[in-house]
1. Over what distance in Å are the Cα centres of the range 321-389 and the range 95-152 separated?
2. Starting at the first residue of the range 37-44, write each ³J(HN,Hα) from the Karplus equation 6.51 cos²θ - 1.76 cosθ + 1.60 with θ = phi - 60°, in whole Hz, x for Gly and Pro.
3. Can you compute the equivalent ellipsoid semi-axes for the range 1-62, i.e. the square root of 5 times each eigenvalue of the Cα gyration tensor, sorted largest first and rounded to whole Å?
4. Taking one equal scatterer on every alpha-carbon of the range 114-163, how large is log10 of I(q)/I(0) by Debye at q = 0.12, 0.20, 0.23, 0.32 1/Å?
5. When the Debye formula is applied to the Cα atoms of the range 22-117, each taken as the same point scatterer, what base-10 log of I(q)/I(0) results at q = 0.17, 0.19 Å⁻¹?
6. If you roll a 1.4 angstrom probe over the protein chains with everything in place, what fraction of the accessible area of the chain belongs to carbon and sulfur, to the nearest %?
7. In whole Å, how far is the Cα centre of the range 1-53 from that of the range 164-210?
8. Scattering from the C-alpha atoms of the range 359-410 alone, worked out with Debye: what is log10 I(q)/I(0) at q = 0.19, 0.23, 0.31 1/Å?
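The values are calculated or read from the model by the stated rules, or taken from the named source; none is laboratory data. None of the values given here were measured: they were computed from a predicted structure. The protein model used for the area step is the full one, side chains on, heavy atoms only, and it has no ligands, DNA or RNA in it. Shrake-Rupley method; radii C 1.70, N 1.55, O 1.52, S 1.80 Å.
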Amino acid sequence: MMRGGRVAVVGGSVAGCAAALAAHRGGADEITVYERAAGDLAERGVGLAVHDARYAELESAGFLDAGMAWVRMTRRRWYVRDGATAAPLGREIAEMPFPFRTYNWGPLWQELRGRVPGSVVFRAGTPVEALRLGADGVRVETAAGAERFDLVIGADGYRSTVRAAAFGDVRPAYAGYLAWRGAFPEDRLADPAPWPREVCAYVVFPGGHLIVYRIPDGSGGRRVNWVLYTTPPPDLDLGLGLDLRLTGPTSLPPGGLTEALTAHLRHVADDLLPPYWGALLHATAPAERFLQPMYDFAAPHCTAGRVLLVGDAAAVARPHTGAGAVKALQDATALESCLAAADTWEKALAAYDGDRAPSGRAMVDLGRALGDALVLATPDWRAMDQAALETWWRRADGAGAFGGRRLRTP
Ligand SMILES: Cc1cc2nc3c(=O)[nH]c(=O)nc-3n(C[C@H](O)[C@H](O)[C@H](O)COP(=O)(O)OP(=O)(O)OC[C@H]3O[C@@H](n4cnc5c(N)ncnc54)[C@H](O)[C@@H]3O)c2cc1C
């Protein structure tokens, strides 16, 4: 087992907190987390879903806590707006098992943050500005000065500064469509009865779909959480003030939608979704929704010299995979095992890359395949029934990694 050493973690979100915990358990002596945001990250997120099997692995590895509030999902129902039925929820095309637990991102992050041992120095409000890579260490530069570390872990998300320092200008590619996210208190639902609590709804339309499930609200109640994927009309002003294909990733904060985007959202709600689901979009206040362009990215490797990447810095798969946070936590689990099993940094880093690089690429490929099936080249939903949808889904999910790949046991 590795013992000792100084480790810096850049980014203190899900991957960063988990990586700090992994480095601690893996035997590192001194650990510093640099987080750009000064405020509490927990104020920001919405919902996420974790497959039951992936949850069990991560709980036993000590990276998820059974005590956190969650909502049990058991079934996924597929609905389509279909002139042949006047049902407010639309026509139910199919029902499939959906063994997932849903979480509120904020409390999940807070729980992970709480697990980071007190001996770890957590520097909030401290962006890392540059890195100087050496053969046996890395200097981390912030406005306050520079410090040397034996290992730097890049947990700084899809626009990673650490990755840029190690691999140069390798950037996520815009996938050509958008995800809107929104969440609001469950008691705002006009009629909760037709939509059972354990049902995750996939509401499909030509060129996209809406996913809706309930999540804990962090104080004993629940929120309705939705994600809407659509391809914006080509002439639509995204209001992002830049060309996504040229400049790389960005996202719009809550309340930041332009009038053109808001009109597009209204069109989807009123003309493409069955009324029950369209009403949920209308029930979401501007400050409760935000926009996230879709990207694909896998770094060529997850390690370079004494730099190691975790979470979105290493690979960004489209959220159709249902595994963004899971992948970040799996990266940390693998990091802990690699540190614990190796007696040099070099061996630990090589073992980590051998496990996580192929895994990241596989999830990115799955995200692309699901994006094609669910958004860019949608089938004729109205012509589908239970059997047709099941066949179509098996083809789209390929190796069956929806919800995340199985964690490799050391
Ligand atoms: C505030 C917030 C809310 C989110 N909410 C959701 C959600 O509701 N549902 C969901 O599915 N996913 C959400 N995500 C994304 C989700 O956390 C990731 O997709 C996934 O879990 C991987 O996380 P990550 O830690 O690798 O990346 P991220 O969560 O993107 O975290 C990267 C972190 O690095 C920090 N950082 C970036 N550059 C620097 C730098 N130069 N120096 C220091 N720090 C830096 C950022 O401030 C950020 O905290 C959210 C992310 C954030 C930051």
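1. Result: 20 Å between the Cα centres.
2. 5, 8, x, 7, 4, 4, 5, 9
3. Equivalent ellipsoid of the range 1-62: 24, 20, 6 Å, largest first.
4. -0.29, -0.80, -1.02, -1.30
5. -0.90, -1.02
6. 51 percent
7. Taking the Cα centre of the range 164-210 as reference, the centre of the range 1-53 is 25 Å away.
8. Taking Cα atoms of the range 359-410 as identical point scatterers yields -0.68, -0.88, -1.23.
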